[in-house]
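Contents: one structure, followed by commentary.
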Amino acid sequence: MGFLPNHDQEGPGIAPDAPRKTGFPRFWETLSRDFWDVFRAGFLALAGCLPFLTGVAFSLYSHVLIFAPIFGLLGGAIAGPELCALADTILRGLRDEPGFWWHTYRRAWKRSARASLLPGGVGGLLLGMQIFLLFHAGALGLSTATGAGLAAGILLVLAVSIYLWPLLALMDLKFLQLLKNSGLLFLGQLPRSVAALAILAGYIGLMLWFFPLAVSLLPFLNLWLPALPALFLIYPGINQIFRIEEILQEK
């Protein structure tokens, strides 16, 4: 298990002896201090997700089943490194780590790019298939129970991803170990996990509900808006279990 190395580069931050705030004041402090870093990382993550989004949309409107897993796999693999780098940017802000954003973002992207391909591809494939089947449930004659199962499957992939990308940004783990730890963490702090999942699923739902108006807002809201509060909720549990800040301070 290898944590991200400590960076000696000076940059924006807060006084090391200042007491850390909690609750909404802490969230506002992080948002106001690191907004542009998180915004840029969220924009790049959205750009990384475009191949997946356009590929799945094409499969839906062409009604060709084989396109869904192909575009899902390729698009998910492309999106993986950017999603991991977004999680890394947010986590650095939550632990008050100084550094210049582009320097740390690029280093995090390079470090996790190869490891992100498999989880991104598998997650994209599952999402692509489930979205396609749910979209065509009526035409395929699927039962209500099957449709509910597909919707639950989509939520399950999102639930795992809430922890998977932060864990991948923090340590070197095999894919199956990542899945196991993500599931255990989700269950281990269930109230916070459900709240984080609700934020992510609610954001996606609103984007779909107000489509196509939401498309014009995506460059500004991108992925920072759901990712920051979701990671803010689950970070205390991750930090407590893996002693992230304690280990970094020892280094």
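In sequence order, region 94-109 has phi-based couplings of 5, 9, 6, 8, x, x, 7, 4, 4, 5, 6, 5, 5, 5, 5, 4 Hz under the Karplus curve 6.51 cos²θ - 1.76 cosθ + 1.60, θ = phi - 60°, and Gly or Pro positions carry x.
What the Kirkwood sum gives for the chain is a hydrodynamic radius of 18.8 Å, with every pair of different alpha carbons counted. Listed values for region 220-237 are Karplus-derived 3J(HN,Hα) couplings in whole Hz (6.51 cos²θ - 1.76 cosθ + 1.60, θ = phi - 60°), namely 8, 8, 5, 10, 5, 5, x, 6, 5, x, 5, 5, 4, 6, 8, 4, x, x, and x replaces Gly and Pro.
In sequence order, region 127-143 has phi-based couplings of 5, x, 5, 5, 5, 4, 5, 5, 5, 9, 4, x, 5, 8, x, 6, 6 Hz under the Karplus curve 6.51 cos²θ - 1.76 cosθ + 1.60, θ = phi - 60°, and Gly or Pro positions carry x.
Extension gain for S62-L155 works out to 31.0 nm (0.36 nm per residue, less the C-alpha to C-alpha distance). Rounded to the nearest 10 degrees, the inclination of helix 23-62 to the longest alpha-carbon principal axis of the chain is 30 degrees. Could you work out what % of the accessible surface of the chain is carbon and sulfur, using a 1.4 angstrom probe and leaving DNA, RNA and ligands out of the count? Here carbon and sulfur together make up 72 percent of the probe-accessible area. Of the chymotrypsin sites (Phe, Trp or Tyr not before Pro) found in region 142-251, none is in coil by DSSP with at most 10 other Cβ atoms within 10 Å of its Cβ.
Using C-alpha pairs under 8 Å with a sequence gap of at least 6, the mean separation divided by the residue count of region 194-251 gives a relative contact order of 44 percent. The distance from the alpha carbon centre of region 170-193 to that of region 196-232 is 23 Å, rounded to a whole number.
Amide H contacts for D172 (H built 1.01 Å from N in the peptide plane; partners 5 or more residues away or on another chain; cut-off under 5 Å): G2.
Looking at region 23-97, the trypsin sites (Lys or Arg not before Pro) that sit in a DSSP loop and have at most 16 other Cβ atoms within 10 Å of their own Cβ are R95.
Can you check how the C-alpha radius of gyration of region 53-166 compares to 2.2 N^0.38 Å, as a plain ratio? List each step's numbers first, then the result.
Working: Rg = 16.7 Å, N = 114, 2.2 N^0.38 = 13.3 Å.
With N residues counted in region 53-166, Rg over 2.2 N^0.38 Å equals 1.26.
Take the convex hull of the alpha carbons in region 155-233; its mean projected area over all directions comes to 5.5 nm².
Report the FRET efficiency, 1/(1 + (r/R0)^6), for L117 and R20, where r is their Cβ-Cβ distance and R0 is 30 Å, rounded to 0.05.
On the way: r = 35 Å, r/R0 = 1.18.
Between L117 and R20 the formula returns 0.25.
Normalising the average separation of contacting C-alpha pairs (under 8 angstrom, six or more residues apart) by the number of residues puts the relative contact order of region 21-93 at 39 percent. FRET efficiency for the F210 to E245 pair, using the beta carbon distance and R₀ = 22 Å, is estimated at 0.05.
By how many degrees, 0 to 90 and rounded to 10, does the Cα axis of helix 175-188 deviate from the longest principal axis of the chain? Approximately 80 degrees, to the nearest ten.
The values are calculated or read from the model by the stated rules, or taken from the named source; none is laboratory data. Predicted model only: the values in this text are computed from it and were never measured. Neighbour counts are summed over all protein chains in view; Cβ atoms, including those assigned to glycine, are modelled from backbone coordinates with ideal geometry. Just so you know, the surface numbers come from the protein's heavy atoms only, side chains and all, with ligands and any DNA or RNA stripped out. Shrake-Rupley method; radii C 1.70, N 1.55, O 1.52, S 1.80 Å.
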